[in-house]
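Heads up: the structure comes next, in structure tokens.
The values are calculated or read from the model by the stated rules, or taken from the named source; none is laboratory data. Remember, it's a predicted structure, so these values are computed and weren't measured experimentally. FYI the Cβ positions are ideal-geometry reconstructions off the backbone, even for glycines, and counts take in every protein chain you see.
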Amino acid sequence: MPNRGNQNGNWGLGRPRLMRRVRFKPLVRYFKPQGIPLRDLEEIFLSLEEVEALRLKNIENYDQVVCAQKMNTSQSTFQRVLSGAYQKISQALVEGKAIRIDQ
């Protein structure tokens with residue numbers, strides 16, 4: 001019988017993932033280039049964690065230490081989440097893709 005990891009999907013490598021705190025629920029879940037039907041666009045998916053990181057850093061203007069504390073994560077993990085969000089948004093803008101915020 002193959003090993004399928006533990007109940008959390010971990011394979012025994014690294015630490016288990018902490019629950020990150022998200023205190024924001026966006027009202028809008030899609031952004032797309034004007035004039036192009038959504039069915040014709042590729043989508044970039046942003047997680048709620050990534051949106052929360054963007055909100056804390058760029059809208060609330062907290063420094064990285066405070067942002068990480070508010071999300072109940074380490075500074076390095078916060079920076080990885082934020083960098084991933086920046087990369088995805090940049091790709092959507094440059095390549096004309098839709099952005100979908102996952103639940």
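Residues in the range 42-81 that are in contact with a helix residue (DSSP H, G or I) (Cβ under 7 Å, 6 or more places away or on another chain) and among the small types (Gly, Ala, Ser) were compared, and the one that is nearest to Phe31 (Cα to Cα) is Ala53. One residue alone among Gln87, Gln103 is of a type in the set (S, T, N, Q) and in a helix (DSSP H, G or I), and that residue is Gln87. On the given criteria, is Ala92 within 23 Å of Asp40 (Cα to Cα), part of a helix (DSSP H, G or I), among the small types (Gly, Ala, Ser) and touching a residue at least 12 places away in the same chain (Cβ under 8 Å)? So Ala92 fits the description; yes. Regarding Glu49, is this residue modelled with pLDDT of 95 or more and closer than 12 Å to Ile101 by Cα? No; evaluated as a whole, the condition is false for this residue.
Taking the range 11-33 as the range and being closer than 26 Å to Lys88 by Cα, modelled with pLDDT under 95 and over 20 Å from the mean Cα position of the chain (by Cα) as the test, only Gly14 passes.
When the range 57-84 is examined, which residues are found to be assigned to a loop (DSSP other than H, G, I, E, B) and among the aromatic types (Phe, Trp, Tyr)?
The initial filter retains those residues of the range 57-84 that are assigned to a loop (DSSP other than H, G, I, E, B), namely 60-63, 71-74.
The answer is Tyr62, and nothing else.
For Gln34, are the conditions met, namely being surrounded by 13 or more Cβ atoms within 10 Å (Cβ to Cβ) and either touching a residue at least 12 places away in the same chain (Cβ under 8 Å) or not charged (D, E, K, R) (or both)? Quick ask: steps written out before the conclusion?
Numbers: surrounded by 13 or more Cβ atoms within 10 Å (Cβ to Cβ): no; either touching a residue at least 12 places away in the same chain (Cβ under 8 Å) or not charged (D, E, K, R) (or both): yes.
No.
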